[in-house]
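Below: the structure, in structure tokens.
Quick note: the coordinates plus some simple rules give every number you see, no bench work behind them. As the structure is a computational prediction, the values presented were derived from the model and not from experiment. Quick reminder, even Gly has a Cβ in these numbers, built from the backbone with ideal geometry, and neighbours come from all protein chains shown.
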Amino acid sequence: MTPEHDSLIQMLTRLKLTAIRDQLDNLIDEAGRQELSIREALAFLCEREIARKDQRRIEMSFGLARFPFVRDINDFDFEAQPSVDKAQIRELATGRFIANGQAVLLLGPPGVGKSHLAVGIGRQAIIAGYTVLFVPAMMLVAQLAKSHGEGRLDEKLSHFSKPKLLIIDELGYLPFEPDAAHLLFQLVSRRYERGAIMITSNRAVGDWGTVLGDPVVATAILDRLLHHSHVVTIRGESYRLREKRRSGLLKTPTPQTVQTSTTEGSVFNDAKGSVLSVA
Ligand code: ADP
Ligand code: MG
């Protein structure tokens with residue numbers, strides 16, 4: 001290797017242009033083969049560097065987001081779930097609601113794809129350049145309560161307020177602890193109109209007073225969430241059960257088995273309407 005080559009490698013390292021550095025010979029050959037002008041060659045090198053940096057950022061952000069599984073919007077079978085408006089999901093996947101600091105509620109019985117859609121939208125948000133954090137509701141409340149007990153609530157609230165999109169998964173599977181509603185209220189207030197929140201729940205918003213153990217605080221939370229919100233209400237039966245049934249592993253359901261561990265389908269009908277019954 002020539003001294004010129006070595007000093008070029010050193011400069012590229014110092015400038016952190018690692019994609020150009022690592023493929024230097026190939027890129028120079030390629031630029032020569034295509035007979036690029038200096039300006040074109042510089043643009044070509046910059047494109048490669050940016051592509052690598054974007055890829056790194058995306059991979060790192062996927063890790064930081066702590067998604068429980070990998071799911072994409074493109075893997076979602078919209079035909080199997082006619083209650084989901086594909087155009088609305090595509091719109092949410094653009095991340096515009098995040099730029100506007102809005103809330104998204106994904107409501108419906110277990111197994112209908114709420115977490116799948118939340119992860120899929122979250123991944124698209126990361127690709128679009130937003131920071132995302134996914135947290136199960138129980139874990140969120142447990143962490144807030146613990147920090148509260150240690151006199152470090154403010155720190156924890158800041159932690160959960162930093163990402164541009166906070167996804168709170170599975171609100172309502174189990175009842176919360178006593179001051180949970182109030183802790184959640186503080187978080188929602190802090191993020192209000194600053195950061196976007198997405199919540200998945202198997203309970204209609206009318207039940208959140210019971211879920212959170214405090215109807216008054218639940219109403220205050222919903223008041224903020226629903227002010228600028230998108231509500232996606234999914235109906236129907238669990239996707240996995242449906243697939244099993246199709247393959248003949250399960251018999252056609254009786255109505256009771258369709259509604260396992262959830263409230264009546266009808267309560268998912270109108271999110272805003274149900275809020276009124278909380279007050
Ligand atoms: P929920 O959060 O509503 O309880 P999940 O999102 O965890 O349900 O979905 C359960 C499983 O079924 C996941 O593996 C998910 O990927 C899959 N699934 C659910 N609905 C669909 C769908 N319409 N198309 C493809 N996969 C689906
Ligand atoms: Mg889920």
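To the nearest 20 debye, what charge dipole does the chain have about its Cα centre, counting +1 at the Cβ of each Lys and Arg and -1 at the Cβ of each Asp and Glu?
So the dipole magnitude of the chain works out to roughly 360 debye.
Within region 1-81, report the chymotrypsin sites (Phe, Trp or Tyr not before Pro) that DSSP leaves as loop and that have at most 16 other Cβ atoms within 10 Å.
Qualifying residues, ordered by number: PHE69, PHE78.
For labels at GLU47 and ASP154 in the simple 7 Å Cα→Cβ model, what's the distance in nm?
With each label placed 7 Å out from Cα toward Cβ, I get 5.0 nm.
Add +1 for every Lys or Arg and -1 for every Asp or Glu among the other residues with Cβ under 12 Å from the Cβ of LEU27, and state the total.
Spelling it out: positives minus negatives among the neighbours equals -2.
Quick check: convex hull of the Cα atoms in the chain, volume per residue, rounded to a whole Å³?
Hull volume normalised by residue count: 189 Å³.
Looking only at ILE28, ILE73, ILE126, which one moves most when the chain is put into a Gaussian network model with springs between Cα atoms under 10 Å?
Of the options given, ILE28 has the highest mean-square fluctuation.
Residues with beta-carbon under 13 Å from that of GLY95, excluding GLY95: net charge, scoring Lys, Arg +1 and Asp, Glu -1?
My count for the surroundings of GLY95 gives +3.
So if I place +1 on the C-beta of Lys and Arg and -1 on the C-beta of Asp and Glu, and nothing else carries charge, what would the dipole magnitude of region 50-174 be about its Cα centre? I want it in debye, nearest 20.
Charge dipole, region 50-174, about its Cα centre: 500 debye, nearest 20.
According to the Kirkwood expression over distinct Cα-Cα pairs, how big is the hydrodynamic radius of region 83-204, in Å?
14.7
Pick from LYS162, LYS16, LYS114: which residue has the top mean-square fluctuation in a GNM of the chain where Cα pairs under 10 Å get a spring?
LYS16
My understanding is that a pair violates if its Cα-Cα distance is over 22 Å; which of LYS53/LYS164; LYS86/LYS114; LYS16/LYS53; LYS53/LYS86 do that in this structure?
Too far apart for the 22 Å limit: LYS53/LYS86.
Equivalent ellipsoid semi-axes for region 80-119, as square roots of 5 times the alpha carbon gyration tensor eigenvalues: give them largest first, rounded to whole Å.
20, 12, 8
What are the radius of gyration and Dmax of region 1-143, computed over its Cα atoms and given in Å?
Taking only Cα atoms of region 1-143, I get Rg and Dmax of 21.5, 67 Å.
Calculate the length of the line joining the C-alpha centroid of region 25-44 to that of region 93-160, in whole Å.
Answer, in whole Å: 44.
In a shell of Cβ-Cβ distance under 13 Å around ALA180, excluding ALA180 itself, what net charge do Lys and Arg (+1) and Asp and Glu (-1) give?
-2
Where does region 106-172 land on Rg/Rh, using Cα atoms and the Kirkwood Rh?
Answer for region 106-172: 1.04.
Placing +1 on the Cβ of each Lys and Arg and -1 on the Cβ of each Asp and Glu in region 90-204, which of LEU140, ASN202, LEU106 has its Cα farthest towards the positive end of the resulting dipole?
LEU106
Please give me, ordered by residue number, the trypsin sites (Lys or Arg not before Pro) of region 175-217 that lie in loop per DSSP and have at most 16 other Cβ atoms within 10 Å.
Passing sites in region 175-217 are ARG194.
Which whole-number percentage describes the relative contact order of the chain, with Cα contacts under 8 Å and a sequence gap of 6 or more?
22
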